[in-house]
Amino acid sequence: MQKNNFFFEDHFIDFKPLLLDIGEKYLLEKGSVVTDNTGPLYLYYVEKGIFKLSVDHTEGVSKTICFHGEGSICPYSLSRPIDGTFQIDVDFFVITALTDIETIRIRPEDFHQALKENPDLSIAMLNYVIMHSNLSMRELLTLSYDSAFIKTCNIVYIYTHYLNKMGINLTQSEIGEIIGEARLEVARSLKKLREQNIIKTSRNCIEVLDAEKLKLYCNPDFV
């Protein structure tokens, strides 16, 4: 993951042979939810595809937190399977397959044993959890102090560099879910960027015409 920008990838690629040894290849269909608690819970190493981690409010509002691509693992809290005490991304968040995902599925107890036997994997997981924690803290600051325009610029930059290249198209409402703003504020911000010839848009698609100018509007912690 580069900086702290909503998209996690490549972090566990060096451990893929080990993960394959303790897990099994498993295909998740688009739309699958791996945190629904309807059956046994597993950790999933992403070989190909994208997960979305989000939180649903009781009033029906959804907030997208981040995305997990190739070389990532989720739910990460299952790496410490002690009576569900630390299962925050399972108990409070929803992890959904945005695409069909080729994974290595691993039982929590097997992954935990691998952590105890492999210090490098343990340090990698610790770093991974810290990255998620840092993202949450930085997002609190962003939601508190950055304008809707800056937050839109942040996600447009990230979206076009990561998600859109993998065939993920977001609506204005979905962008609003990620940055915590109403669709109307997103529409106004995109209009401003279009008027400055920084982007052009088509149906659920955004193309950046001037990435350097876009970056000038972004919060530097997110690009």
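The values are calculated or read from the model by the stated rules, or taken from the named source; none is laboratory data. Note that this is a predicted model, so its numbers are computed, not measured. So basically every Cβ, Gly included, is an ideal-geometry build from the backbone, and we count neighbours across all protein chains shown. Ligands, DNA and RNA are stripped out before the accessible areas are found, and what is left, the full protein with its side chains, is counted by its heavy atoms. Shrake-Rupley method; radii C 1.70, N 1.55, O 1.52, S 1.80 Å.
Could you tell me the calculated FRET efficiency between Glu24 and Ser136, based on Cβ-Cβ distance and R0 = 35 angstrom, to the nearest 0.05? Working shown, then result.
Details: r = 31 Å, r/R0 = 0.89.
E between Glu24 and Ser136, to the nearest 0.05, is 0.65.
Extension gain, Thr38 to Arg80, is 13.1 nm, computed as 0.36 nm per intervening residue step minus the present C-alpha separation.
Annotation: per residue accessible area for the chain equals 51 Å², rounded to a whole number [probe 1.4 Å, protein chains only]. A cut-off of 5 Å between modelled amide H atoms, ignoring neighbours fewer than 5 places along the same chain, links Phe8 with Phe67, His68, Gly69. Take the Cβ atoms of Val129 and Ile150, set R0 to 35 Å, and the FRET efficiency comes out at 0.80.
Peptides 90-102, 29-41, 198-210, 68-80 ranked from most to least packed give 68-80, 90-102, 198-210, 29-41, packing being the mean of other C-beta atoms within 10 angstrom over each peptide's residues. Computed over protein heavy atoms with a 1.4 Å probe, the carbon and sulfur contribution to the accessible area of the chain reaches 51%.
Among the listed pairs Lys30/Lys213; Lys63/Lys213; Lys48/Lys192; Lys48/Lys151; Lys25/Lys52, a Cα-Cα separation exceeding 26 Å is found for Lys30/Lys213; Lys63/Lys213; Lys48/Lys192; Lys48/Lys151. Reported value for the chain: 124 Å³ per residue, from the convex hull of its C-alpha atoms.
Packing, taken as the mean count of other beta carbons within 10 Å per residue, orders the peptides 149-162, 124-137 from highest to lowest as 149-162, 124-137.
At an R0 of 30 angstrom, the distance between the Cβ atoms of Lys191 and Leu216 translates into a FRET efficiency of 0.95.
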